[in-house]
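Colleague: Here it is, the structure in full.
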2 protein chains.
Amino acid sequence: MAETPERLSARPSWLLTQLAVHAHRLASEGFAEAGARGYHYRILAALGEFGPASQVQLGRRCTMDRSDVVAAINELSERGFVERAPDPGDRRRNIVSLTAAGHQQLRRLDEALDAVQDQLLGPLGAAERATLTHLLARLLEHHAR
Amino acid sequence: MAETPERLSARPSWLLTQLAVHAHRLASEGFAEAGARGYHYRILAALGEFGPASQVQLGRRCTMDRSDVVAAINELSERGFVERAPDPGDRRRNIVSLTAAGHQQLRRLDEALDAVQDQLLGPLGAAERATLTHLLARLLEHHAR
DNA sequence: ACTACATCGTTGGTATCACCAATGGATCGG
DNA sequence: CCGATCCATTGGTGATACCAACGATGTAGT
């Protein structure tokens, strides 16, 4: 009983979106322990890898809308993880950069997210994980063209 | 430029959730042409495959919260796609069933969703699609245990 | 130089999905 | 018969993903 209709369970779009729900839940739980959420991690990750950036740049790198970047940075700066400074070369822009506490938070969230991968991929062996990752990466690149 | 941080792009949870965004967008566009959304399709699909059911049953089969089932059925019944009738054998329950128009809408949405699968899986060959589907199905079953 | 256009941050929305708590009516176990 | 449970419903919340519009600023065309 409580069977899922085959119309759903046989379709890749269903498998993908439903599994994403579980992935999102696992990640959210990990982030919540550090008082963060997905958008915060994206911003911190982009700053940690590419260095200080404008908010539009962050939006592009994180696949986030500009308005959502504003809110995320507000929250991150309230907690002292990032700093906003006016760009002297272009006064329309803000330059957002990581603080020391921000680096620390990023490392913390990194660890939490690593644990999530294992939970998510659960019963899959190393070769299967690689296959899945590769297929997903190809598809994502195709759709993000 | 506009590169995605490797912390994100290298993680299966990121690939999965981001690809799910694309899948959801494609499906939503398909559904929108018929004036529907995901929850509506789930309910129609469950009714079409398993026949009339109570709302709790529908919630279990569609992975939906009871309160969301209420709202979806309200909208579906306003459009004449489903009917609510009291269960004579248990007056706590409603028996929800498909109308003729509901069957037709289900077929319509089925076609739209089939087209979505092709768009979603884009560049993948048949064997790759099967591999991906199989891996996703195994993981989903694991998490839905 | 002046005008038209584009860009950036910001505000203030909307939709979808997922989930939770509480209520009142109905049913069932003991 | 009474307490526990089940069901539908109401009324919320949070996260993600969007969109439109505004003012300030910068750039390009003429």
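The values are calculated or read from the model by the stated rules, or taken from the named source; none is laboratory data. Remember, it's a predicted structure, so these values are computed and weren't measured experimentally. Positions of Cβ are backbone-derived with ideal geometry, glycine not excepted, and every protein chain shown enters the neighbour counts. Accessible surface areas use protein heavy atoms only, side chains included; no ligands, DNA or RNA. Shrake-Rupley method; radii C 1.70, N 1.55, O 1.52, S 1.80 Å.
Colleague: Is it the case that B:Leu44 is within 13 Å of DNA strand D (Cβ to nearest atom) and among the aliphatic types (A, V, I, L, M)?
Modeller: Judged against the criteria, B:Leu44 is not a match.
Colleague: Would you confirm, using the coordinates I've provided, whether B:Ser54 is within 11 Å of DNA strand C (Cβ to nearest atom), more than 27 Å from B:Asp118 (Cα to Cα) and polar (S, T, N, Q)?
Modeller: It is false that B:Ser54 is within 11 Å of DNA strand C (Cβ to nearest atom), more than 27 Å from B:Asp118 (Cα to Cα) and polar (S, T, N, Q).
Colleague: If a residue must be of a type outside the set (A, V, I, L, M) and buried (at least 16 other Cβ atoms within 10 Å of the Cβ), how many such residues does the stretch A:120-132 contain?
Modeller: Total satisfying the criteria: 3.
Colleague: Moving on to the next point. Out of the stretch B:40-71, which residues are open to solvent by 20 Å² or more (accessible area, probe 1.4 Å), more than 10 Å from chain A (Cβ to nearest Cβ) and either polar (S, T, N, Q) or in contact with a strand residue (DSSP E or B) (Cβ under 7 Å, 6 or more places away or on another chain) (or both)?
Modeller: Residues satisfying the conditions are B:Pro52, B:Gln55, B:Ser67.
Colleague: Restricting the first residue to the stretch B:1-23 and requiring it to be within 14 Å of DNA strand D (Cβ to nearest atom), which pairs with a second residue that is open to solvent by 50 Å² or more (accessible area, probe 1.4 Å) and outside any helix (DSSP H, G or I) meet a Cβ separation below 7 Å and a spacing of at least six or different chains?
Modeller: From residues that are within 14 Å of DNA strand D (Cβ to nearest atom), the pairs are B:Gln18/A:Thr63.
Colleague: Out of the residues in the stretch B:72-83 meeting the condition of being within 13 Å of DNA strand D (Cβ to nearest atom) and loosely packed, with under 14 Cβ neighbours inside 10 Å, tell me which one is farthest from B:Thr99 (Cα to Cα).
Modeller: The qualifying residue farthest from B:Thr99 (Cα to Cα) is B:Asn74.
Colleague: Here is a further query. Filter the stretch A:1-31 for residues that are open to solvent by 20 Å² or more (accessible area, probe 1.4 Å), under 15 Å from B:Tyr41 (Cβ atoms) and among the hydrophobic types (A, V, I, L, M, F, W, C) and give the result.
Modeller: A:Ala10, A:Trp14
Colleague: Hey, among A:Leu135, A:Leu98, A:Leu113, which residue is under 28 Å from B:His143 (Cβ atoms), crowded, with 16+ Cβ neighbours inside 10 Å and touching a Leu at 6+ places or on another chain (Cβ under 8 Å)?
Modeller: Of A:Leu135, A:Leu98, A:Leu113, the one residue that is under 28 Å from B:His143 (Cβ atoms), crowded, with 16+ Cβ neighbours inside 10 Å and touching a Leu at 6+ places or on another chain (Cβ under 8 Å) is A:Leu135.
Colleague: Answer yes if at least one residue in the stretch A:92-101 is of a type in the set (D, E, K, R), away from chain B (no Cβ under 14 Å), part of a loop (DSSP other than H, G, I, E, B) and free of Cβ contacts under 8 Å to residues at least 24 places away in the same chain, and no otherwise.
Modeller: The answer is yes, given that some residue of the stretch A:92-101 is of a type in the set (D, E, K, R), away from chain B (no Cβ under 14 Å), part of a loop (DSSP other than H, G, I, E, B) and free of Cβ contacts under 8 Å to residues at least 24 places away in the same chain.
Colleague: Only one of A:Leu98, A:Leu19 is within 26 Å of A:Asp114 (Cα to Cα) and touching a His at 6+ places or on another chain (Cβ under 8 Å). Can you tell me which?
Modeller: Within the list A:Leu98, A:Leu19, the selection yields A:Leu19.
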